[in-house]
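Heads up, the thing below is written out as structure tokens.
The values are calculated or read from the model by the stated rules, or taken from the named source; none is laboratory data. Bear in mind that the values here come from a model prediction, so they are computed numbers and not experimental data. Please note: Cβ atoms are built from the backbone with ideal geometry, for glycine as well, and neighbour counts cover all protein chains shown. Note: areas computed on protein heavy atoms with side chains; ligands, DNA, RNA excluded. Shrake-Rupley method; radii C 1.70, N 1.55, O 1.52, S 1.80 Å.
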Amino acid sequence: MSRTTRLSSSLLRAAACTGIAALTLTACGSGSGSGSASSGSGEIKVGLITKTDTNPFFVKMKEGAEKAAKAEGVKLMTAAGKFDGDNAGQVTAVENMVASGVKGILITPSDSKAIVPAIEKAKAKGVLVIALDTPTEPESAVDALFATDNLKAGELIGEYAKAAMKGKPAKIATLDLAPGVSVGVQRHNGFLKGFGVKDGDPSVVCSQDTGGDQAKGQTAMENCLQKEPDINVVYTINEPAALGAYTALKAKGREKDVLIVSVDGGCTGTQAVKDGKIAATSQQYPLKMASEGVKAVVTYAKDGKKASGYTDTGVTLITDKAQDGVTSKDTAYGLENCWG
């Protein structure tokens, strides 16, 4: 779910509506209310700030928010960081949205700790703030969290990998996100827990950060294979990293005998499971996170009732090679529900 952002060559308004935080914040109209951000009297405005605007995970999240905003008859404003980790861009987006009069902000924090002061300032001005997918640190910094249980997502693929190895000694590579990012830490720890090992266990022979990027995933896998050629299990933070790992393994003729597991369950990733490139993935539902978030802001705007606490938006293990004792669904289900 993390990928280096690049600006497309599309028209300026289209680029603005995809929400680059470093650019002027633009409101993407819903229904007939598609004027400027400051137009309309008593209009409900909802903000969505994602980590990037190119990662398909966040594209789907934005799609869910747009559909919900249209259905509710409210205006959606969107923004994103220039890259995964662009806290400054997200801070600017929060400030711009508050100034524009949003009733609530939905945010996937790039830096779970550094974004907190900006969130606190927004809340002090009466703005409802809901984290999507990625919790803040502390989690209580926001009013509510709508997200996958990322620890559980990791556990599912860890349990699957353990069962699929059928007692064979494992040499594990973990292709992680980046230091200190809560989503990456939770998925990594969940995988190890599900597999029944801990950090520092001798079976974990290589760990590399990828930023969730496919090219970096390939490089990380190449580095791990140099360090330990006999790796037979690969955990990846997301499916772009998994596909990068697959490319590196295929170049060495190892793609058939190394088990790759991942998290996200996007349509491309689920197809990769069907094609045999990834053994299993934990599917999550960003469209649901965003649509439920928009509805929560609308409820707050209309009657003052705030969403609170943690809402688990679900996770499902997807594989076509089911293992005894591990609950899963096949890729037909996965492709029908990918990122729904």
(request) Among the numbered conditions (1) open to solvent by 10 Å² or more (accessible area, probe 1.4 Å); (2) more than 18 Å from N150 (Cα to Cα), tell me where G314 comes up short. (result) (2)
(request) Specify which of the listed residues (S262, S291) is in contact with a strand residue (DSSP E or B) (Cβ under 9 Å, 6 or more places away or on another chain), in contact (Cβ under 8 Å) with a residue 60 or more places away in the chain and among the hydroxyl-bearing types (S, T, Y). (result) S262
(message) Give me the residue from region 236-264 that is in a helix (DSSP H, G or I) and among the hydrophobic types (A, V, I, L, M, F, W, C) and, out of that set, most open to solvent (accessible area, probe 1.4 Å).
(response) A251
(request) Considering every residue within region 283-295, establish whether at least one is under 24 Å from L192 (Cβ atoms) and either among the acidic types (D, E) or in a helix (DSSP H, G or I) (or both). (result) no
(request) Spot the failing condition for G184; the list is (1) surrounded by fewer than 24 Cβ atoms within 10 Å (Cβ to Cβ); (2) not charged (D, E, K, R); (3) not in a strand (DSSP E or B), and only one is missed. (result) (1)
(request) Among what's in region 167-221 and is among the hydroxyl-bearing types (S, T, Y) and out of contact with any His (no Cβ under 7 Å at 6 or more places or on another chain), pick the residue that is farthest from Y235 (Cα to Cα). (result) S182
(request) Exactly one condition in (1) under 17 Å from the mean Cα position of the chain (by Cα); (2) among the polar types (S, T, N, Q); (3) outside any helix (DSSP H, G or I) is not met by T174; state its number. (result) (1)
(request) Could you please let me know if V129 is out of contact with any Cys (no Cβ under 8 Å at 6 or more places or on another chain), assigned to a strand (DSSP E or B), open to solvent by less than 10 Å² (accessible area, probe 1.4 Å) and under 30 Å from G47 (Cβ atoms)? (result) yes
(request) Considering (1) within 30 Å of D257 (Cβ to Cβ); (2) small (G, A, S); (3) part of a loop (DSSP other than H, G, I, E, B), say which one A161 fails and leave the rest. (result) (3)
(request) Filter region 123-134 for residues that are farther than 21 Å from V185 by Cβ and at pLDDT below 95 and give the result. (result) none
(message) Here's a check for you: in region 80-118, which residue that is among the hydrophobic types (A, V, I, L, M, F, W, C) and part of a strand (DSSP E or B) is nearest to G293 (Cα to Cα)?
(response) L106
(message) Condition first: within 20 Å of the chain's Cα centre (by Cα), over 19 Å from G158 (Cβ atoms) and of a type in the set (D, E, K, R). Can you find one or more residues in region 303-311 that meet it?
(response) no
(message) Consider region 331-340. How many of its residues are open to solvent by 40 Å² or more (accessible area, probe 1.4 Å) and within 15 Å of L156 (Cβ to Cβ)?
(response) 1
(message) Looking at A170, A163, A178, can you tell me which residue is over 25 Å from F57 (Cα atoms), in contact with a Gly (Cβ under 8 Å, 6 or more places away or on another chain) and open to solvent by 10 Å² or more (accessible area, probe 1.4 Å)?
(response) A163
(message) Against the definition (open to solvent by 10 Å² or more (accessible area, probe 1.4 Å) and modelled with pLDDT under 95), how does E137 come out, yes or no?
(response) yes
(message) Here's a check for you: in region 189-213, which residue that is open to solvent by 20 Å² or more (accessible area, probe 1.4 Å) and touching a residue at least 40 places away in the same chain (Cβ under 8 Å) is farthest from A272 (Cα to Cα)?
(response) K193
